[in-house]
1. For A:V121, indicate whether it is more than 9 Å from every other protein chain (Cβ to nearest Cβ), under 18 Å from the mean Cα position of the chain (by Cα), within 20 Å of B:V81 (Cβ to Cβ) and surrounded by 14 or more Cβ atoms within 10 Å (Cβ to Cβ).
2. Does the stretch A:114-126 contain any residue that is in contact with a Pro (Cβ under 6 Å, 6 or more places away or on another chain) and either of a type in the set (S, T, N, Q) or more than 30 Å from B:L185 (Cα to Cα) (or both)?
3. With B:I180, B:I188, B:I143, B:I211 as the choices, which residue is modelled with pLDDT under 90, within 14 Å of another protein chain (Cβ to nearest Cβ) and either within 25 Å of the chain's Cα centre (by Cα) or in a helix (DSSP H, G or I) (or both)?
4. Can you tell me which residue is nearest to the other protein chains (Cβ to nearest Cβ) among those in the stretch B:88-120 that are surrounded by fewer than 19 Cβ atoms within 10 Å (Cβ to Cβ) and closer than 18 Å to B:V64 by Cβ?
5. Do you know which residues across the stretch B:65-75 are facing chain A (nearest Cβ under 10 Å) and either touching a residue at least 24 places away in the same chain (Cβ under 8 Å) or of a type in the set (F, W, Y) (or both)?
6. Return the residues of the stretch B:85-114 that are assigned to a helix (DSSP H, G or I) and closer than 17 Å to B:F139 by Cα; say none if nothing qualifies.
7. Looking at (1) in contact with a helix residue (DSSP H, G or I) (Cβ under 6 Å, 6 or more places away or on another chain); (2) farther than 25 Å from B:P176 by Cα, which is the only condition B:L63 fails?
Amino acid sequence: MNFFELFVIFISAMLINNILLIRFIALCSFFGISNSFKSSIGMSFAVIFVMILATSVSWPVYHFLLLPLKIEFLRTVSFILIIASLVQFVELFMKKYFIPLYHALGIYLPLITTNCAILAVAFLNIDYNYNFLEAIVYTLGVSFGYTFAIVLFASIRERIDIAPVPEFLKGYPIIFFTAALMALAFMGFAGLFGIH
Amino acid sequence: MTKTIIKTFLNGILYENPILIILIGLCPTLACSSSLSDAIGMGISVTFVLVCSNVIISSIRKLVPSEIRIPVFIVIIATFVTITDYTIQAYFPALSKSLGVFIPLIVVNCIILGRAEAFAYKNNVILSFVDGIGMGLGFTIAICGLAFIRELLGNGTLFGSKPFFSNPILMFILPPGAFIGIGILISIWQYIKKTSTPKIKPCNGCSLSSICYHENMEKK
């Protein structure tokens, strides 16, 4: 295991295969939460936090429980239950012991259960046959890519609110066109450091 | 009774179309619409899971206490998603490869959990079945419409046939094309909606209307 391979995984997950703009995962939160800069930052930190927790639980469960018992077909059911109960548990734990953190991230945590990015990363770690270290680096890359894209997009959307927009493009269509331009920009990262 | 059934059926396709009007379930719509065959595969999978979960949930709705209904819904949906996933892997390996992680991700698709919560938990089995078919068809129509635009403009083909013209606009099968395609579809729908119901606003035609105080007050 050398450092460069991990770096390739990280850059590929964060920029080249950005989970929001290139892979189209977690678009509900992308369009739903990005209407204010502050909430997009709160959501991003909650996603980073829960995604790393979810990977560090779901990877061992698959490799040390489901594979030895030959019940891989329970992957979908077990992962969604693990993530939903994990989020509930973390929320209760934070409410009791880390009150400032709970006030910062609290309202975003229940939303994360239905955020498909968390579940998708758990599946992709298995599909790509990553070992535990690679899975954690991949998760970090994906969650940083999520943060990068959603914070940029929220900043642009604050400008769109005061821009003169043609009548039939008001609301969602202009937001989709903006996302298209951002996706075009992110495609420019392909080939960075020779990674595809 | 027949009237209610027809109304429920059309509701999913026209009045509450999940993609074009409510804008939920966008991830599979954008990701699996680069070719028409992928789009039809995704549409049928979602329709199957939606109809089965609606029927099961509405038939056990009186047995499930409301406090634990969401976990119960999720387990039922996940079961049908697993069935779909393994069926596609066994009989359509090429489709399974191109749809990839989006088949297991049907489990967190907002359309399915949303219909379970908003419709199947409150209505009888027949109506829930019809609602599932209507919503599934609405989803399939929207995703196929988007795939039609993207495959024709981006690749010049339909269902992977011989190209109809040379020099297609490559961008439409790449990720930005998906956003542009859905933006065009929604703006066409907004145009139809606004022109069919004329409304006269006091500020209409004013060049400052988009930033004006009155307009912003109306939105709030």
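1. So A:V121 fits the description; yes.
2. Yes, some residue in the stretch A:114-126 is in contact with a Pro (Cβ under 6 Å, 6 or more places away or on another chain) and either of a type in the set (S, T, N, Q) or more than 30 Å from B:L185 (Cα to Cα) (or both).
3. Values: B:I180 fails: modelled with pLDDT under 90; B:I143 fails: modelled with pLDDT under 90; B:I211 fails: either within 25 Å of the chain's Cα centre (by Cα) or in a helix (DSSP H, G or I) (or both).
When all the criteria are applied, what remains is B:I188.
4. B:L113
5. Step one: of the stretch B:65-75, the residues facing chain A (nearest Cβ under 10 Å) are B:70-71, B:74-75.
If the condition is that a residue be facing chain A (nearest Cβ under 10 Å) and either touching a residue at least 24 places away in the same chain (Cβ under 8 Å) or of a type in the set (F, W, Y) (or both), then B:I70, B:I74 are the ones that fit.
6. Result: B:L99, B:F102, B:L105, B:I106, B:V107, B:V108, B:C110, B:I111, B:I112, B:L113, B:G114.
7. B:L63 satisfies every listed condition except (1).
Every residue, every condition in (1) within 20 Å of A:A26 (Cα to Cα); (2) within 12 Å of the chain's Cα centre (by Cα); (3) away from chain A (no Cβ under 14 Å), yes or no:
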residue: B:T4; (1), (2), (3): no, no, yes
residue: B:K7; (1), (2), (3): no, no, yes
residue: B:N11; (1), (2), (3): no, no, yes
residue: B:L20; (1), (2), (3): yes, yes, no
residue: B:I24; (1), (2), (3): yes, yes, no
residue: B:S33; (1), (2), (3): yes, yes, no
residue: B:S37; (1), (2), (3): no, no, yes
residue: B:I44; (1), (2), (3): no, yes, yes
residue: B:Y86; (1), (2), (3): no, no, no
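The values are calculated or read from the model by the stated rules, or taken from the named source; none is laboratory data. As the structure is a prediction and not an experimental result, all values here were calculated from the model. Reconstructed Cβ throughout: ideal geometry from the backbone, glycine too, with neighbour counts over all protein chains shown.
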